[in-house]
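Okay, structure first, notes after.
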Amino acid sequence: MKKLAFFETKPYDRAYFDKLNKNYEITYFEEKLNHHTAKITEGFDAVCAFVNSNVNEMAINRMYERGVKILALRSAGFSNVDLNAALGKIPVVRVPAYSPHAVAEHALALLMALNRKIYRAYIRTRDFNFNIAGLTGVDLYGKTVGVIGTGKIGRIFINICNGLGMKVLAYDPYPDNSIDAEYTDLDYLLSNSDVISLHCPLTSDTYHIIGTDAFAKIKKGAIIINTSRGALIDSEALLYALNHGNIRGAALDVYEEEADFFYEDMSDKIITDDTLALLVSRPNVLITSHQGFLTEEALENIADVTLKNLDEFFEGKPLTNEVKAAKK
């Protein structure tokens, strides 16, 4: 059997991979894959990593030198991998669509919870405080939602918002005219949306797409939702906008410096990231730790597609879900 080194292991990962695996001897590591831990890939045919691994050039080279033949990402995003370094050495495959419904539904859950302050009400009633002062939200019906990115997840989120009776504006460099939304330029979307939800990949073009300039254009009182990639938002600019009352609130399932914190129990540690600590402390900010994908269906799909990606490679078949560096 081929040997697979599996990084960033959590109990929910192992349950589904053990359930579906038939062809691989899997060794599970809790550590993230990086240029340090790449040293332990000696003797493994394949490596599997997740979103908070940092697969830079040094990590690629160390895996290649140790005989690793393929890197399988169990995620859709691949911005954490140096694809240029991997080119010609180690093919990289991913899971492009494990469950777009899971992420879109989580975006809705964040929006509803933030708007109606469900998270604050829950804490109050746990303490038998049944006062509802300060928990006022707004009707979403009739409001305008701006969706940045209309891929699979964005399209599902648009359908959900249409079902709520919201007007939908959309921005994407590659419009899909079959979508029930009005495509606009980014500036118009920012200045006319009551809710802005991010559903685009992280690229050089989308890095800090919501930054200081964008916050200056965003409609006062808007809500920001991000279930895509943390670095789409400039966190310091977001904090400034919150502190000055420029936006109603923010709900984030991702954070640009999340790798050192998310998926870990940090409750007994000092959070050294001052921006994250300040965001968590704000009453109009709701943060979940990159759990948008976390449904039973998505976990099974991730395991299934990841194992099939590996099967294709070791059986000499074309790689359906390979990602490569863009041609220069």
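Computed extension gain for Leu164 through Arg124, at 0.36 nm per residue and net of the alpha carbon distance, reaches 11.6 nm.
For segment 194-328, the ratio of Cα radius of gyration to the globular rule of thumb 2.2 N^0.38 Å stands at 1.28.
Might you report the magnitude of the Cβ-based charge dipole of segment 103-171 about its Cα centre, with Lys and Arg at +1 and Asp and Glu at -1, to the nearest 20 debye?
So the magnitude is around 40 debye.
Expressed as a whole number of Å, what is the distance separating the alpha-carbon centroids of segment 263-328 and segment 80-152? Cα centres, segment 80-152 to segment 263-328: 14 Å. Among beta bridges from DSSP that stay inside the chain, the antiparallel ones total about 5%.
The label point for Glu65 and the one for Leu278, both projected 7 Å from the Cα toward the Cβ, are 4.2 nm apart.
Assign unit charges at the C-beta atoms only (+1 for Lys and Arg, -1 for Asp and Glu), then state the dipole size of segment 134-236 relative to its Cα centre in Debye, rounded to the nearest 20.
Dipole size: approximately 260 debye.
Comparing Asn56, Asn162, Asn177 in a Gaussian network model of the chain (Cα springs below 10 Å), the most mobile by mean-square fluctuation is Asn177.
Segment Asn23..Glu57, full-extension length gain: 9.3 nm, with 0.36 nm per residue of separation and the alpha-carbon distance subtracted. The separation of segment 210-246 from segment 19-51, counted between C-alpha centres, amounts to 37 Å.
Could you give the dipole magnitude of segment 219-306 about its Cα centre, charging the beta-carbon of Lys and Arg +1 and that of Asp and Glu -1, in debye to the nearest 20?
That gives a dipole near 780 debye.
Rounded to whole numbers, the Karplus 3J(HN,Hα) couplings from phi for segment 45-53 are 7, 9, 10, 10, 9, 10, 5, 9, 6 Hz, using 6.51 cos²θ - 1.76 cosθ + 1.60 with θ = phi - 60°, and x at Gly and Pro.
For the chain, the per residue solvent-accessible surface stands at 49 Å², with DNA, RNA and ligands left out and a 1.4 Å probe.
Dipole of segment 199-308 computed with +1 at Lys/Arg Cβ and -1 at Asp/Glu Cβ about the Cα centre; of Ile218, Met266, Thr203, farthest Cα towards the positive end is Ile218.
The overall shape of segment 26-76, judged from the alpha-carbon gyration tensor, is rounded, with an a/c ratio under 1.5.
Each label was represented as a point 7 Å from its Cα along the Cα-to-Cβ direction; for Ile271 and Ala216 these points are 2.9 nm apart. Highest GNM mean-square fluctuation among Phe314, Phe44, Phe128, for the chain modelled with Cα contacts below 10 Å: Phe128. From the P(r) of segment 41-169, can you give the percent of Cα pairs sitting at distances over 26 Å? The calculated P(r) of segment 41-169 puts 50 percent of pairs beyond 26 Å. Only Cα pairs within less than 10 Å get springs; with that Gaussian network setup on the chain, which residue of Tyr174, Tyr263, Tyr64 has the largest fluctuation? Maximum fluctuation in the GNM of the chain, among the listed residues, is at Tyr174. Ignoring solvent entirely, what values of log10 I(q)/I(0) come out of the Debye formula for segment 213-283 at 0.18 Å⁻¹ when each Cα is a single scatterer? With no solvent term, the Cα-only Debye profile gives -0.71.
When segment 50-116 is described by a simple charge dipole with +1 on each Lys and Arg Cβ and -1 on each Asp and Glu Cβ, the residue from Ala113, Asn80, Val68 located farthest towards its positive end is Val68. With viscosity 1.002 mPa s and temperature 20 °C, the Kirkwood radius over alpha carbon pairs of segment 99-243 converts through Stokes-Einstein to a diffusion coefficient of 135 µm²/s.
Dividing the summed helix terms, -39500 (n - 2.57) for each DSSP H run of n ≥ 4, by the number of residues in the chain produces a 222 nm estimate of -9500 deg cm²/dmol to the nearest 500. Between the Cα long axis of helix 11-20 and the first principal axis of the chain there is an angle of about 50°, rounded to the nearest 10. In whole percent, and with a 1.4 Å probe on the protein chains, what portion of the accessible area of the chain is carbon and sulfur? On the chain, the fraction of accessible area on carbon and sulfur atoms equals 51 percent.
What relative contact order, as a whole-number percentage, does segment 246-291 give when Cα pairs under 8 Å and 6 or more residues apart are counted?
Result for segment 246-291 is 66 percent.
How tilted is helix 296-314 with respect to the longest principal axis of the chain? Cα atoms for both, answer in degrees (0 to 90, nearest 10). Tilt of helix 296-314: around 30 degrees.
In percent, rounded to a whole number, the relative contact order of the chain is 17, using alpha-carbon pairs under 8 Å and six or more apart. Residue by residue, segment 201-213 carries 3J(HN,Hα) couplings of x, 8, 9, 4, 7, 9, 4, 6, 4, 10, x, 4, 5 Hz when phi is fed to the Karplus relation 6.51 cos²θ - 1.76 cosθ + 1.60 (θ = phi - 60°); x denotes Gly or Pro. I need to check one value: relative contact order of segment 127-280, counting alpha carbon pairs closer than 8 Å and at least 6 residues apart, in percent. Relative contact order of segment 127-280: 18 percent.
The values are calculated or read from the model by the stated rules, or taken from the named source; none is laboratory data. Just so it is clear, the structure is predicted and the values come from calculations on it, not from any experiment. FYI the Cβ positions are ideal-geometry reconstructions off the backbone, even for glycines, and counts take in every protein chain you see. Calculation scope for accessible area: heavy atoms of the full protein, side chains included, ligands and nucleic acids excluded. Shrake-Rupley method; radii C 1.70, N 1.55, O 1.52, S 1.80 Å.
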